[in-house]
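The values are calculated or read from the model by the stated rules, or taken from the named source; none is laboratory data. Treat the numbers as computed from the prediction; the structure is a model and nothing was measured. Methodologically, a virtual Cβ is constructed for each residue, glycine included, from the backbone with ideal geometry; neighbour enumeration extends over all protein chains shown. Each accessible area value is taken on the protein alone, full model and side chains, heavy atoms only, with ligands, DNA and RNA left out. Shrake-Rupley method; radii C 1.70, N 1.55, O 1.52, S 1.80 Å.
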Amino acid sequence: MSHDKPKHYSASGYDLSPLPSIVYERRVKDLTPEERRVLLASGTETPFCGGLLHEHAAGTFVCRLCTLPLFRSTDKFESGTGWPSFSRPFDPEHITRSEDTSHGMSRAEIRCARCAGHLGHVFPDGPPPTGERHCVNSVSLRFLPGTDHVSPEDTDA
């Protein structure tokens, strides 16, 4: 009899089940101090300093910790805020939202749905058609160039 929890898949076919603890711990160990501060402690990188701010090639932005696809390059836009900005997620199920009332304001924090890594915040001042601006820390992402589609088999733990 198996005691494994059933896997949960997004509508786009990606496994959203939490990473096995041994895999999660290994990946956390491989993070830089800045990546740990942002992804695990809800930090924010300095504006205009992120390595992916000026990335304009075709590709997919995946979670730095668990490699779940989060954003397509076709949805990236220049917001002038100092952080990579996207009009919508790769798949709405790949991102969770929660209210963040820190710093004297109310905003929606976004996290990776698979590993709960902190990504940034979403604001209602983005371009059409969504009107949303997903303002994301570069250190929370890894860029996979070449395509706006990543096979689910390439991202599963």
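With respect to Arg107, determine if the residue is of a type outside the set (Val, Ile, Thr) and either in contact with a Phe, Trp or Tyr (Cβ under 6 Å, 6 or more places away or on another chain) or modelled with pLDDT under 95 (or both). First the steps, then the outcome.
Numbers: of a type outside the set (Val, Ile, Thr): yes; either in contact with a Phe, Trp or Tyr (Cβ under 6 Å, 6 or more places away or on another chain) or modelled with pLDDT under 95 (or both): yes.
So Arg107 passes the test.
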Lone unmet requirement of (1) open to solvent by 60 Å² or more (accessible area, probe 1.4 Å); (2) among the charged types (D, E, K, R); (3) closer than 18 Å to His121 by Cβ for Arg64: (1)
Could you tell me whether region 45-52 includes any residue that is at negative phi and not in a loop (DSSP other than H, G, I, E, B)? no
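Take Val136 and tell me if it is within 15 Å of the chain's Cα centre (by Cα) and modelled with pLDDT under 95.
Working: within 15 Å of the chain's Cα centre (by Cα): yes; modelled with pLDDT under 95: no.
For Val136, the condition - within 15 Å of the chain's Cα centre (by Cα) and modelled with pLDDT under 95 - is not met.
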Find the residue count for region 131-147, including only residues that are without any contact (Cβ under 8 Å) to a residue 40 or more places away in the chain and closer than 18 Å to Arg114 by Cα. 0
Members of region 77-95 found to be touching a Ser or Thr at 6+ places or on another chain (Cβ under 8 Å), farther than 19 Å from Tyr9 by Cβ and surrounded by 22 or more Cβ atoms within 10 Å (Cβ to Cβ), listed by number: Trp83, Pro84, Ser85
If Ala41 meets every condition in (1) touching a His at 6+ places or on another chain (Cβ under 8 Å); (2) open to solvent by less than 50 Å² (accessible area, probe 1.4 Å) apart from one, which number is that one? (2)
